[in-house]
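The values are calculated or read from the model by the stated rules, or taken from the named source; none is laboratory data. Note that the coordinates shown come from a computational prediction; the quantities given were computed from them, not determined experimentally. With ideal geometry, Cβ positions are generated from the backbone for all residues, glycine too; neighbour counts draw on all protein chains shown. In case anyone asks, the SASA skips ligands and DNA or RNA and just uses the protein heavy atoms, side chains included. Shrake-Rupley method; radii C 1.70, N 1.55, O 1.52, S 1.80 Å.
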Amino acid sequence: MCHVPARPDPDPGATTPTVTVRGEAVLRAEPDEALLWITLTALRDDPGQALADVSRRSDALVELFDELGVAKADRSTTGVTVYEEFDHTPDGRRSLGHRAAASIAVRLTNPELIGQLIANATTELQARINGPRWQIAAQNPVRLQAAREASADGQRKAQAFADGVGAKLGRLIRLSEPDAAGQHMIRRGGLRPLAAQAAESMPIEPGEHEVSAAIDLTFALDLT
């Protein structure tokens, strides 16, 4: 959060009329990267067998990453679980076996690579896919442009309010970014495993996504 402290008024005993506004801006830009979650699961009578199945397919998934040129720095294991799964029946709980699951998060920038990875992971490894979740990088210039436009929007609003009461817009007293400002809403989708078939690349369209910025500004008003 940015904050510009207020300067003391020339006459501390006088109350300075002020106007406080919120400037906002929303821009659209192509995302810089996408996050993809890949989950491998297996249900077996024995927990060790379930984990061994997931481990074997996890090794194959690592080989797939290498084949597609996914850097090791862009993939990370986000969780491994093994638990007994039950079915609830009128006669009580019935064990279905033990389920093992392993999830890996992957960061990608090439839409074609995303589509190929989705196709291969689902058809060859029966993986569950969640994503892509598109992101606009923090260092993307569009974020600074949104901040500039939000500030300009706030100043225009303040000027309009001042004009409405016949006042002159004075100096800037306070500039504060709301806690929730600039948060970029990103879309995320999911796919279930596909039936075994030839792995044709899944079409992926990144499109454009919104980058928003907001700023609270307080100006002095001159009513003379």
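Computed over protein heavy atoms with a 1.4 Å probe, the carbon and sulfur contribution to the accessible area of segment 19-72 reaches 45%.
Considering only Cα atoms, the convex hull volume of segment 14-122 works out to 265 Å³ per residue. The value of relative contact order for segment 56-102, using C-alpha pairs under 8 Å at least six residues apart, is 32 percent. Gain on full extension, evaluated as 0.36 nm per residue between ASP53 and THR16 minus their Cα-Cα distance, stands at 6.1 nm.
Reported to the nearest whole Å, the Cα centre-to-centre distance from segment 112-169 to segment 44-62 is 39.
Can you give the Rg/Rh ratio of segment 22-80, where Rg is from the C-alpha atoms and Rh is the Kirkwood radius? Looking at segment 22-80, the ratio lands at 1.24. Spacing of the modelled spin labels on LEU223 and ARG44, each 7 Å from Cα toward Cβ, amounts to 8.0 nm. Accessible area of GLU205 (1.4 Å probe, protein heavy atoms only, ligands and nucleic acids ignored): about 150 Å².
Distance between the modelled labels on GLN159 and VAL80, one decimal in nanometres: 6.2 nm (7 Å Cα→Cβ projection). Placing pseudo-labels 7 Å out from each Cα toward the beta carbon at SER95 and GLU210 gives an inter-label distance of 5.1 nm.
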